[in-house]
Amino acid sequence: MSGSIDELISRIKDIPISEIIGRYVHTVKKGTQTLAVCPFHDDHSPSLTVNDQRGMWFCFVDNMGGDAIKFVRLYRNLDFMDALRDICDKLGWNFDDYHQERKASPKVEMGKKLLSTAAKLYRKLAETGKHPAFNDFLSKRGLSQETAQVYQLGFAPNARALFDYLCSIKEEKERGFALQVAEEVGLIKKSTYGEKSHYDTFRDRIMFPIWDHFGQVIGFTSRSTSDDIKPKYLNSLDSFLFNKKNLLYGLHLAKSMIRQKDSVLIAEGNMDQVALFKNGFENSVAIMGVALGESSLIKVLSLSKNVILCLDNDLAGWKAGTRINSQFMNQGVTPLFLNLGEHKDPDEFLCAEGPVSMQKLIDEAKPFIDIEIEKLMPEPIPALSERKLEILQKVFEVISPLKNTLSATERAVTWAKRLGLQSDSSSIIKSYTDFLEGSQRVKVAAPHKIESEELLEVGELERGKVRIDRKLTSVETSLLQELVQHPELLLNDEITELLDFVGNIDVKEYILKLKDLMYEIDESEYPSVVSTLMNQDNLSAEITAVAGGALYRYRRTSLDEKVALQMIADIKKRLQVQQLKEEKNSLKLEQAQAQTQEEQQRVLTELLEIDKKISQVRATPKGKKKSL
């Protein structure tokens with residue numbers, strides 16, 4: 001049987017959902033429903049309900065739910081396509097019968113073909129044995145021929161090997177197109193010398209192909225064969241196929257082992273990844289440069305949330321670790337840190353100490369955040385309380401990406417005690433919570449200095465391509481639940497105005513998509529449409545879980561118009577109050593930092609005005625509008 005992905009999804013939906021979920025967790029039949037111990041929290045009595053009639057599951061403790069595909073994505077930490085493949089494996093179906101890759105543009109097809117051809121050419125030249133520099137490199141770095149074969153390491157001679165190969169293409173139009181694309185992807189460059197119109201970009205270099213996570217060569221990184229050749233390391237240019245910030249070297253080799261071990265080692269260079277992999281740490285990847293792109297972050301988290309940072313042992317490595325650690329903590333993940341001691345990088349450590357010592361480092365690794373806080377602690381601890389409080393504020397800043405979680409508040413209390421502060425735990429947690437509430441506005445008003453490596457992400461952010469996860473507030477959660485359970489509310493004109501008070505851009509976009517769809521679909525199609533939207537990759541897990549839980553409760557009913565208007569007015573009022581409270585918390589922070597009496601008075605006036613507005617909103621009669 002063959003077909004499309006849409007046909008596969010339809011076929012999956014035709015299977016009782018209890019049969020699919022039962023292939024992953026133990027289930028028990030009870031009446032018309034099936035129960036299971038929920039795998040998403042520490043569950044001791046079955047709290048996950050599977051309803052075959054509705055084709056959905058729901059956990060009453062986590063208050064989330066969804067269809068079979070959503071369950072597999074959450075349970076196995078998979079993206080959408082990998083979840084479909086996994087379900088096919090469980091059901092004994094051939095995924096490839098349904099997965100037909102969309103035909104790429106001629107330029108993309110040619111680019112991929114040229115890069116694959118170049119990788120094979122460089123590999124063939126390395127295998128001839130005519131280039132001693134290649135074998136010398138393997139010998140010095142302790143790399144076997146087997147490792148060279150796994151990574152398809154190659155050699156680019158000081159010649160026009162690739163250009164001459166492209167010139168051998170007989171058909172003139174194809175040859176011209178190939179040369180044009182080869183130049184765009186950075187394989188060749190134009191020359192100013194007569195007939196030699198082009199020359200190979202990579203010359204006298206050890207070649208490392210770079211693959212995407214599907215195993216397609218999309219670029220190269222290279223190392224010079226002598227100190228006279230500059231630069232020492234040379235990467236492919238960014239192109240329509242290659243963007244180093246959105247790549248993880250070795251991911252195509254490591255992803256199955258990352259899932260199997262449920263942990264990932266992140267190194268800083270391709271040779272470090274190679275060294276880790278050949279020493280048995282096959283769940284390792286390397287960033288390309290000193291930054292982790294947004295798509296790379298998402299890809300790692302889809303494989304495992306147990307992250308171990310194994311970066312270079314220098315200032316640049318520490319700064320990279322600080323940035324990457326903060327990125328993961330913003331997603332609720334606390335990476336571990338490997339201290340390499342006197343060794344400059346993982347490769348050197350493994351050469352000197354061996355894999356047993358590396359495993360010991362991993363077993364004894366501490367969270368990066370704790371090492372970072374330890375660096376803030378002066379010796380000796382100052383005696384003045386004011387100085388201690390200044391240090392504690394820096395601790396709050398370090399742990400703030402963890403938000404108001406137990407992991408964060410426990411650290412706040414522990415380090416406050418380490419500083420010798422006498423306040424009780426509840427007071428310290430209150431201070432930390434106040435810090436969090438006040439820092440949101442400060443971060444928006446005064447963004448951090450942008451490093452050169454971050455410019456790409458900033459450009460993408462301006463174009464709306466990169467999203468920064470923001471935890472849903474209780475009001476935003478209620479809004480999502482009410483609109484998913486009562487879709488007729490979406491057709492009310494008040495909804496668009498209400499969205500002006502929603503801070504989470506993903507929530508806004510999700511609601512607007514639902515609103516648009518309500519004008520295009522029959523009411524009977526609504527559950528399947530919401531279910532499809534939940535499986536989109538660009539939505540946070542929190543939004544899809546809330547939407548899934550609300551969809552499980554959805555019943556096809558019709559709200560009285562007065563009830564509908566009252567529900568909208570009530571949520572709008574809560575959103576307005578929430579927005580004003582956030583402004584008030586930011587003003588309180590300004591008040592604490594005010595340096596003059598004039599500043600104090602200005603902030604106090606604004607605080608009184610905010611209190612007045614909150615009272616006005618709360619006093620608004622039901623169903624009436626109140627302009628601010």
- [ ] Compute the Cα gyration tensor for the stretch 106-239, then decide on rounded, prolate or oblate, letting a ≥ b ≥ c be the square roots of its eigenvalues: rounded whenever a/c is under 1.5, prolate when a/b is larger than b/c in the other cases, and oblate in all that remain.
- [x] prolate
TODO: Compute the signed sum of charges (Lys and Arg +1, Asp and Glu -1) over the other residues within less than 15 Å, Cβ to Cβ, of residue 45.
DONE: -2
Task: Derived scalar couplings ³J(HN,Hα) [the stretch 546-556; Karplus, 6.51 cos²θ - 1.76 cosθ + 1.60; whole Hz; x for Gly, Pro] - done: 5, 4, x, x, 5, 5, 4, 7, 4, 10, 6
TODO: In nm, give the distance between the simple-model label positions of residue 168 and residue 559, each being 7 Å from the Cα along the Cα-to-Cβ direction.
DONE: 7.1 nm
- [ ] Could I have the simple spin-label model distance between residue 145 and residue 488, label points 7 Å from Cα toward Cβ, reported in nm to one decimal?
- [x] 7.7 nm
Task: Those residues of the stretch 334-362 whose amide nitrogen sits under 11 Å from the label point placed on residue 314, 7 Å along Cα→Cβ - done: 344-345
- [ ] Arrange the following residues from fewest to most other Cβ atoms within 10 Å of their Cβ: 357, 474.
- [x] 474, 357
Task: Fraction in percent of alpha-carbon pairs per bin - 5 Å, the stretch 5-97 - done: 3, 14, 27, 26, 17, 10, 4, 1
Open item on the list: Taking the square root of 5 times each eigenvalue of the Cα gyration tensor, what semi-axes in Å does the equivalent ellipsoid of the stretch 45-93 have, largest first?
Closed with: 21, 12, 9
Task: Karplus 3J(HN,Hα) series, Hz, for the stretch 370-386 with 6.51 cos²θ - 1.76 cosθ + 1.60 (x for Gly, Pro) - done: 6, 5, 4, 5, 4, 5, 7, 7, x, 10, x, 5, x, 7, 5, 4, 4
TODO: Take peptides 560-567, 398-405 and line them up by average Cβ neighbours within 10 Å, highest first, as a rough protection proxy.
DONE: 398-405, 560-567
Task: Three-way shape call for the stretch 268-336 based on the alpha-carbon gyration tensor, with the a/c threshold at 1.5 - done: oblate
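By average Cβ neighbour count within 10 Å, what is the ranking of 384-397, 78-91 from highest down?
Final packing ranking: 78-91, 384-397.
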- [ ] Using only alpha carbon pairs under 8 Å that are at least six residues apart, calculate the relative contact order of the chain and give it in whole percent.
- [x] 10 percent
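Go ahead and run the numbers for FRET between residue 7 and residue 379, Cβ-Cβ distance against an R0 of 45 Å, rounding to 0.05.
Numbers: r = 66 Å, r/R0 = 1.47.
With R0 = 45 Å, the Cβ-Cβ based efficiency is 0.10.
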TODO: Go through 358-365, 429-436 and give me the packing order, highest mean Cβ count within 10 Å leading.
DONE: 429-436, 358-365
- [ ] Using only the Cα atoms of the stretch 474-619, each taken as one equal point scatterer with no solvent, compute I(q) by the Debye sum, divide by I(0), and report log10 of the ratio at q = 0.12, 0.15, 0.16, 0.19 Å⁻¹.
- [x] -0.59, -0.80, -0.86, -1.09
Task: Acute angle (nearest 10 degrees) that the helix 172-184 long axis makes with the longest principal axis of the chain, alpha-carbon atoms - done: 60 degrees
Task: Beta bridges per DSSP with both ends in the chain, % antiparallel, nearest 5 - done: 80 percent
Task: Cα gyration tensor, the stretch 45-188 - rounded (a/c under 1.5), prolate or oblate - done: prolate
- [ ] Report the percentage of all Cα-Cα pairs in the chain whose separation exceeds 41 Å, rounded to a whole percent.
- [x] 40 percent
Task: Angle between the chain longest axis and helix 474-485 axis [Cα atoms, degrees, rounded to 10] - done: 90 degrees
TODO: Percent of Cα-Cα pairs per 10 Å bin, from 0 to the last occupied bin, for the stretch 198-248, please list those.
DONE: 25, 49, 24, 2
Open item on the list: Please list 3J(HN,Hα) in residue order for the stretch 298-309, calculated via the Karplus relation 6.51 cos²θ - 1.76 cosθ + 1.60 where θ = phi - 60°; whole Hz, with x for glycine and proline.
Closed with: 5, 5, 4, 5, 6, 9, 6, 9, 9, 10, 10, 8
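So which of 245/430; 232/299; 70/584 end up more than 31 Å apart, counting from Cα to Cα?
Going by Cα-Cα distance, 245/430; 70/584 fall outside the 31 Å limit.
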Open item on the list: Based only on Cα atoms, what mean projected area does the convex hull of the stretch 214-360 have, in nm²?
Closed with: 9.2 nm²
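No value in this document is a laboratory result; all are computed from the given coordinates. On a predicted model such as this, the values are computed, not experimentally measured, just so you know. Here Cβ is always computed from backbone atoms with ideal geometry, including for glycine, and neighbour counts include all displayed protein chains.
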